[in-house]
Amino acid sequence: MIRTGFEMILGAEDDMEVVGTASDGVEALEMVALHRPDVVLMDIRMPRLDGLDALQRINATGAVDPPKVVVVTTFEDDEYVHRALNGGASGFLLKTASSALLLEGVRAAASGEALVSPAITVKLLRNHSPAEPRANRPNPLSAREGEVAQLVATGATNAEISEQLFLSLGTVKTHLSSIQSKLDLRNRVEIAAWVWQSQGVGR
């Protein structure tokens with residue numbers, strides 16, 4: 001049912017085409033080899049081969065132009081998130097995420113970015129960030145970039161940042177790219193971590 005729902009959501013988009021679905025990790029690897037997709041949505045717990053092991057095989061050393069993998073799951077366990085991101089995942093979303101966030105995650109992965117569900121981002125950082133911000137960290141961001149970074153650290157999506165700061169989605173993405181470049185960060189999770197560790201959130 002979930003696969004069918006995702007297929008309907010993705011297939012309705014003009015810039016996306018669903019080339020196949022799989023019921024387990026082994027079949028997923030077969031479909032990847034057959035269709036050479038740009039992006040794979042991967043569950044974690046599956047028969048025969050789980051999603052994290054399948055992710056590792058997709059990104060194995062020597063793999064030629066592997067697809068971007070967005071992990072979609074009901075599980076919020078920190079170990080799963082870290083293993084997925086360390087394994088080369090280009091996103092981590094909960095199955096309860098809105099269709100808009102699902103589409104944003106796929107498009108982000110296709111463009112070489114990584115999107116992690118805001119709920120997961122905040123949970124991870126609250127569990128692992130220091131109680132007090134680290135002092136004397138240089139801040140190369142502009143005032144507007146700082147506002148965007150702060151909202152990322154609270155778990156806001158691009159659409160919510162756009163609404164709160166009265167910016168277009170394109171401008172929000174431009175700011176995020178600039179923030180990542182200035183701070184040498186890979187994705188919004190690392191942006192949020194930088195805010196929590198260097199400045200704190202809501203302080």
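Of the strands (runs of 3 or more DSSP E) lying entirely inside region 1-97, those containing at least 1 residues that are touching a Pro at 6+ places or on another chain (Cβ under 7 Å), of a type in the set (A, V, I, L, M) and touching a residue at least 24 places away in the same chain (Cβ under 8 Å) span 39-42.
Just the residues that are of a type in the set (V, I, T), at pLDDT 90 or above and either under 13 Å from V72 (Cα atoms) or over 21 Å from the mean Cα position of the chain (by Cα) (or both), please, taken from region 1-49. Don't jump to the end; show me each part of the working.
We begin by selecting, within region 1-49, every residue of a type in the set (V, I, T); these are 2, 4, 9, 18-19, 21, 26, 32, 39-40, 44.
Next cut, at pLDDT 90 or above only: 9, 18-19, 21, 26, 32, 39-40.
Residues satisfying the conditions are V19, V26, V39, V40.
Among the residues making up region 29-58, those that are within 21 Å of R107 (Cβ to Cβ), of a type outside the set (V, I, T) and open to solvent by less than 70 Å² (accessible area, probe 1.4 Å) are M31, P37, L41, M42, D43, G51, L55. For region 171-186, a residue qualifies if it is surrounded by fewer than 15 Cβ atoms within 10 Å (Cβ to Cβ), over 16 Å from N139 (Cβ atoms) and hydroxyl-bearing (S, T, Y), and the qualifying residues are T174, S177. Restricting region 59-114 to residues that are of a type outside the set (A, V, I, L, M, F, W, C), at pLDDT below 80 and closer than 25 Å to A159 by Cβ, the residue that is least open to solvent (accessible area, probe 1.4 Å) is G112.
The values are calculated or read from the model by the stated rules, or taken from the named source; none is laboratory data. Nothing here was measured: the structure is a model prediction, and the numbers come from that model. Every residue, glycine among them, receives a Cβ derived from its backbone with ideal geometry; neighbour counts consider all protein chains shown. Only protein heavy atoms, including side chains, enter the accessible area calculation; ligands, DNA and RNA are left aside. Shrake-Rupley method; radii C 1.70, N 1.55, O 1.52, S 1.80 Å.
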